[in-house]
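Here is the structure we will look at.
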Amino acid sequence: MELHFLTIGELREKIATREIAATTVVRSILKRIAEVDTQVHAYINVLSESAMAEAELIDAAIAKGIIKPLSGVPIALKDICCTKGIETTCCSRILRGFIPPYDATVVEKLREAGAIIIGKTNMDEFAMGSSTETSCFGATRNPYDLTRIPGGSSGGSAAAVAADECLAAIGSDTGGSIRQPAALCGVVGLKPTYGRVSRFGLIAFASSLDQIGPFTKTVADSALMLSVLAGYDAKDSTSVNLPVPDYSAFLGRDIRGWRIGIPREYFIGGIDTETQSALDGVMRTLQACGASCVDISLPHTEYCLAVYYIVAPAEASSNLARYDGIKYGMRVEKFSDLKDLYKKTRSQGFGSEVKRRIMLGTYVLSSGYYDAYYKKASRVRTLIKQDFADAFRVCDVILTPTTPSAAFKIGEKTNDPMQMYLSDIFTISTNLAGIPGISVPCGYTASGLPIGAQFLAGHFEEAKLLQVTAAYEQAGTFIKRRPKI
Amino acid sequence: MKIGKAEVAHIANLSRLEFGDAEMELFTSQLNDILLYMEKLSAVDTASVMPATTQEMARHNAFREDVVAPSLSSEEALRNAPDATGDCIRVPKVVE
């Protein structure tokens, strides 16, 4: 078996028994990247040298008997995570050349756990997008069909895992940016509860919605990754000081008697028939595992997209004010005065989608419109949050499609922002409510494109998500196909 | 029309962005589409909804002891500045 096909769970065993050295794994992954990434373009920066150097250190530690949870596991990072001494750009021209003087907390945690950082992955500029087409480095392609998008904004991370160019990857999810690409690339993507994972060193998009999470090949690997990533961090005052459970302990437990909430608002109209029948299959499998499906309602679902596209751009317009050509990143050479320097730098540094959202955010926060837009949206957000609280009184987890349909063609939605926004329609509510969500592969379309099922749970109930998806995965009704690449 | 070209120009100035004519035209039309979509929120009665949610997890202020801890040196902090000199960042003249 080729080493790049391994899961983290499989590799851990081979590392522990010294059957494989970390350097051998890294070499195999680098070879795989060299073979396929010219087609997929998942990476914008492959860290060949430092990854080999890290692997040598890990091998030396293993020789001394020091084995950590992720010893020798090659992991890719979305280019939104700050990496000390390594250029971090958010795939924006305005941050070209930015070399962070510190590591994000998740990067520190991964290194402490023995993981090897293999490279930085492509993304929509500043994580604003659903297709990884707005990157200043060009688009990433879906490994299952190179003419289609991988989803976004963490499309590079999802594609890298799907194409076996790493064993796991880190993404960030503000409105579905982990779960939507995971679904479209046929991998597992987990968005933890807001506050579960430190955001320190994550370049901010919408601070009340952003959350970091893992892309993996299996649910068991997702549990391993979350156990490493989760936890309180004094450097992020919104991280929550709750004990981190041993998530792997929940795998293999049965779900007999569980109530799976099926929100009727997510199953009416607009869903592709192949997606619908894949979801029907998931329900049958869960019922065969002893769970029951119950009809529930999330009455404010139809307002989620409107709330999101007020709240997220509002926060983004404030967060992105820091890119002014003064402290870091690019600065134009010709300008007349300070204000002109700001305007010219920002106008040349940001792409169209980022500008559109800064404009929208500035508008909804501006004098005379604040009450009608931002304040109104924040109140509707309370109702959306309340919908979920009510639902979790009658069910253990909620099941929905992750996306209305499978991956669309590159270029198909780039000229119509509203159509692009609608591709996140099933994932946005999770972030507004701050709850955790996971997307797992559950089928393929007739043309071979992956379909994802999304499970949602109450705050800090990631263990439930991992338990139910592991039960689904182990039932064996879904047979994973590798992309032909 | 929810928003006209003059207002888009005003928002662009507040955003410290500038656009050419064609781009301005396109942005005005796209922002109108998006703002029209937002109108559906007016159907929701929020008069009695308290509080507004600006962050999902109800949380108190995160206080800590005021203890000095290591931080970046000014050299490290200034390394990414496009125009730094000594311990400062140089900017165009602001006061005449």
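The values are calculated or read from the model by the stated rules, or taken from the named source; none is laboratory data. Only a predicted model underlies this, so the values are computations on that prediction, with no experimental measurement involved. All Cβ positions, glycine included, derive from the backbone under ideal geometry; neighbour counts span all protein chains shown.
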Filtered residue count, region A:3-19, keeping only those that are without any contact (Cβ under 8 Å) to a residue 40 or more places away in the chain and part of a loop (DSSP other than H, G, I, E, B):
2
Helices (runs of 4 or more DSSP H) wholly inside region A:333-418 that include at least 3 residues being surrounded by 20 or more Cβ atoms within 10 Å (Cβ to Cβ), modelled with pLDDT of 95 or more and of a type in the set (Phe, Trp, Tyr)
none
In region A:32-56, which residues are over 22 Å from residue A:150 (Cα atoms) and surrounded by fewer than 20 Cβ atoms within 10 Å (Cβ to Cβ)?
A:48, A:49, A:50, A:52, A:53, A:56
Qualifying residue in region B:25-35 (condition: loosely packed, with under 11 Cβ neighbours inside 10 Å and either more than 9 Å from chain A (Cβ to nearest Cβ) or in a helix (DSSP H, G or I) (or both)):
no
Of B:94, B:68, the only residue that is at the interface with chain A (Cβ under 7 Å from one of its Cβ atoms) and either in contact with a His (Cβ under 7 Å, 6 or more places away or on another chain) or assigned to a loop (DSSP other than H, G, I, E, B) (or both) is B:94
Residues of region A:272-281 that turn out to be under 14 Å from residue A:426 (Cβ atoms) and either buried (at least 18 other Cβ atoms within 10 Å of the Cβ) or at pLDDT 95 or above (or both), as a count
4
Quick one: is residue A:211 touching a Pro at 6+ places or on another chain (Cβ under 7 Å) and within 30 Å of residue A:355 (Cβ to Cβ)?
yes
Kindly check whether there is at least one residue in region A:471-479 that is buried (at least 20 other Cβ atoms within 10 Å of the Cβ), in contact with a strand residue (DSSP E or B) (Cβ under 9 Å, 6 or more places away or on another chain) and at pLDDT 95 or above.
yes
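Yes/no matrix, rows are residues, columns are (1) within 14 Å of another protein chain (Cβ to nearest Cβ); (2) more than 21 Å from residue A:283 (Cα to Cα):
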| residue | (1), (2) |
| --- | --- |
| A:171 | no, yes |
| A:179 | no, no |
| A:191 | yes, yes |
| A:196 | yes, yes |
| A:233 | yes, yes |
Test each condition in (1) within 7 Å of chain A (Cβ to nearest Cβ); (2) surrounded by 11 or more Cβ atoms within 10 Å (Cβ to Cβ); (3) assigned to a loop (DSSP other than H, G, I, E, B) for residue B:40 and report the one that comes out false.
(3)
Would you check if residue A:331 is within 10 Å of chain B (Cβ to nearest Cβ) and basic (Lys, Arg)?
yes
Could you check region A:86-112 and list, in sequence order, the residues that are closer than 24 Å to residue A:353 by Cβ, charged (D, E, K, R) and assigned to a loop (DSSP other than H, G, I, E, B)?
A:87, A:96
Quick one: what pairs do we get from region A:411-425, first residue within 13 Å of residue A:148 (Cβ to Cβ) and among the charged types (D, E, K, R), second surrounded by fewer than 20 Cβ atoms within 10 Å (Cβ to Cβ) and at pLDDT below 90, C-beta under 8 Å, 6+ apart or different chains?
A:413/A:419
Residue B:46: passes all of (1) in contact with a Lys or Arg (Cβ under 6 Å, 6 or more places away or on another chain); (2) more than 8 Å from chain A (Cβ to nearest Cβ); (3) not in a helix (DSSP H, G or I) but (2)
Against the condition over 30 Å from residue A:395 (Cβ atoms) and either under 23 Å from the mean Cα position of the chain (by Cα) or of a type in the set (D, E, K, R) (or both), how does residue A:280 come out, does it pass?
no
Residue ID - surrounded by the fewest Cβ atoms within 10 Å (Cβ to Cβ), chosen from residues in region A:315-328 that are more than 10 Å from chain B (Cβ to nearest Cβ) and small (Gly, Ala, Ser)
A:318
Is it the case that region A:202-213 has a residue that's away from chain B (no Cβ under 14 Å), buried (at least 24 other Cβ atoms within 10 Å of the Cβ), of a type in the set (S, T, N, Q) and closer than 16 Å to residue A:315 by Cβ?
no
Looking at region A:361-410 only, could you name the residues that are touching a residue at least 12 places away in the same chain (Cβ under 8 Å), out of contact with any Leu (no Cβ under 9 Å at 6 or more places or on another chain) and basic (Lys, Arg)?
A:409
Take the residues in region A:419-443 that are more than 14 Å from chain B (Cβ to nearest Cβ), within 16 Å of the chain's Cα centre (by Cα) and at pLDDT 95 or above; name whichever of them is surrounded by the most Cβ atoms within 10 Å (Cβ to Cβ).
A:439
Looking only at region A:364-386, decide whether some residue is among the aliphatic types (A, V, I, L, M), at the interface with chain B (Cβ under 7 Å from one of its Cβ atoms) and within 28 Å of residue A:275 (Cβ to Cβ).
yes
Identify all residues within region B:1-24 that are within 9 Å of another protein chain (Cβ to nearest Cβ) and either part of a helix (DSSP H, G or I) or in contact with a Phe, Trp or Tyr (Cβ under 6 Å, 6 or more places away or on another chain) (or both); write none if there are none.
B:7, B:8, B:10, B:11, B:12, B:13, B:14, B:16, B:23
